[in-house]
Amino acid sequence: MGELPAAVSIREVGPRDGLQNEDPVPTADKVRLLDALPRTGIRRIEAVSFVHPKAIPQMADADEVWSRVTRDPAVRYSALVPNSRGARRALDAGFTDIEVVVSASDTHNRKNVNRSTAESLDDITELISLLHKENARVEVIVATSFGCPYEGDVAPERVASIVDRAVADGADRVAFGDTTGMATPRRVTDLVTAVRSRQPDVPVLLHFHNTRGTGLANILTAMELGVTEFDASVGGLGGCPYAPGATGNVATEEVVHMLSDMGIETGVDLDALVEVAAMAQDIVGRELPSGVLRAGPRYRTIPA
Ligand code: ZN
C-alpha cells in the first residue's frame, strides 16, 4: 500500500446528486436532510442545483429549500448551475461556491445539453468570468471522466486537455465525475496521473458512483495517489440515469467507516451519520444500498 493521507475532506452530495436521481420528495424532507447533515461533522455539502424545473423536476423547489435551510456557518455549501441563468439564481441565493459541468464525452454532452463539449467549454469560460466578478469560486466538474455510456472508454488525455482549458479560464478547482460508475482503480490511476502531470497545482476532487461496486476501491487508489477530496452521498442516495435500478454515489457512511478504521481523519461522527442515512432511507421510502446502514459499523457487537 502506498502512503495514505492523514485526513480526507468529504463533500456530501446526497441532497443534490442523490435526490436528483430519486423520485421527487417533499420540500420539507429536503430541508430536514440538509439541516441534519452538519450535525454529523460534515463540513461540505452540495445543497441544490439551479436547473430548469422542466429539465429536472426533483430540483424545482431549490430556491425554497435553500431559503428554509438552517445554514451552519461552519459548512461550505455549494450549488450546481447549468448556465448563466442558474448562476444568477445561485448568486442571488447567496452561494459563493458554484459548480459547473461539462462532459468529457461529446455524445454524452450533446444528450445532456444539446451542445458539443467544445461549445460547453466556451459557455464555461463566460460563466467563470461572470461568477468571478461576483467573488464566487468555481469548480469545473468533468462528467463521464472515466467512461461514457454511449462512447465507452474516454481517453485520460482528453479529460486532461479539458482540465487545461478550465484552468486557463480560471477554474478554482476541478472535479472528475464517474457519472455512470465505469471507474476502476486502474482508470483512476491513469486519469489522476495524466492530469497531475499537466496541472500539478489545481485542487482535485473525485466523484464516484458505486454502480458496479468499485467506489471504495477507487477512493483507496486515489488516496494512494495523494487525492484527499471526495464526494459521497448519505445512504448511497441516488442512482444512475442510464441504468434504471442501479445504485447511486458511494455511500458517505461507507467511506467514513473505512477511513476512520484506517486512522484517516474525516471529522465526521459515524454513528450520527448512520442515523442521517436512516433518515434518508425513510425520506425516499426504499431500501438504500449502504452496507454500513444495513449492518451497522464493524465496532457494533451483538450480545453473545
Ligand atoms: Zn454524480
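The values are calculated or read from the model by the stated rules, or taken from the named source; none is laboratory data. On a predicted model such as this, the values are computed, not experimentally measured, just so you know. Virtual Cβ from ideal backbone geometry, glycine too; neighbours counted across all protein chains shown. Just so you know, the surface numbers come from the protein's heavy atoms only, side chains and all, with ligands and any DNA or RNA stripped out. Shrake-Rupley method; radii C 1.70, N 1.55, O 1.52, S 1.80 Å.
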Which order, highest average first, do 255-261, 291-297 follow once you tally other Cβ atoms within 10 Å for each residue and take the mean per peptide? 255-261, 291-297
Rg(Cα) / (2.2 N^0.38 Å) computed for segment 211-292, rounded to two decimals: 1.09
If a paramagnetic tag sat 7 Å from the Cα of Arg85 along the Cα-Cβ line, which residues of segment 97-119 would have the backbone N under 18 Å from that point? 100-101, 112-115
Which value, in Å², gives the accessible area per residue of segment 9-295 when a 1.4 Å probe is used on the protein heavy atoms? 39 Å²
In debye, nearest 20: dipole of the chain around its Cα centre with unit charges on the Cβ of K, R (+) and D, E (-)? 220 debye
Share of the chain's accessible area from carbon and sulfur, percent, 1.4 Å? 49 percent
Which of the peptides 213-219, 146-152, 282-288 is most tightly packed, and how do the rest follow, going by the mean number of other Cβ atoms within 10 Å of each residue? 213-219, 146-152, 282-288
Could you rank His108, His52 by how accessible they are, 1.4 Å probe, largest area first? His52, His108
Per residue of segment 4-10, what does 6.51 cos²θ - 1.76 cosθ + 1.60 with θ = phi - 60° give for ³J(HN,Hα)? Whole Hz please, x for Gly and Pro, Karplus curve as stated. 9, x, 7, 9, 9, 9, 9
Roughly how many Å² of Glu119 are accessible to a 1.4 Å probe, to the nearest 10? 80 Å²
Could you give the length gained by full extension between Ser129 and Arg294, i.e. 0.36 nm per residue of separation minus their alpha carbon distance, to one decimal place? 54.9 nm
Summing -39500 (n - 2.57) over the DSSP H runs of n ≥ 4 in the chain and dividing by its residue number, what mean residue ellipticity at 222 nm do you reach, to the nearest 500 deg cm²/dmol? -11500 deg cm²/dmol
With bins of 10 Å, the percent of all Cα-Cα pairs of the chain per bin from 0 is 6, 29, 38, 22, 3, 1, 0
Could you give the nm distance between label points at Met258 and Ser67, where each point is 7 Å from its Cα heading toward the beta carbon? 4.1 nm
Specify the inter-centroid distance of segment 192-228 and segment 255-304, based on alpha-carbon positions, in whole Å. 23 Å
By its C-alpha gyration tensor, with a ≥ b ≥ c as the square roots of the eigenvalues, how is segment 85-210 shaped: rounded for a/c under 1.5, else prolate for a/b larger than b/c, else oblate? prolate
With r as the distance between the Cβ atoms of Arg212 and Arg158 and R0 = 30 Å, compute the FRET efficiency 1/(1 + (r/R0)^6) and round to 0.05. 0.85
To the nearest Å, what is the center-to-center distance of segment 90-123 and segment 57-80, using C-alpha atoms only? 20 Å
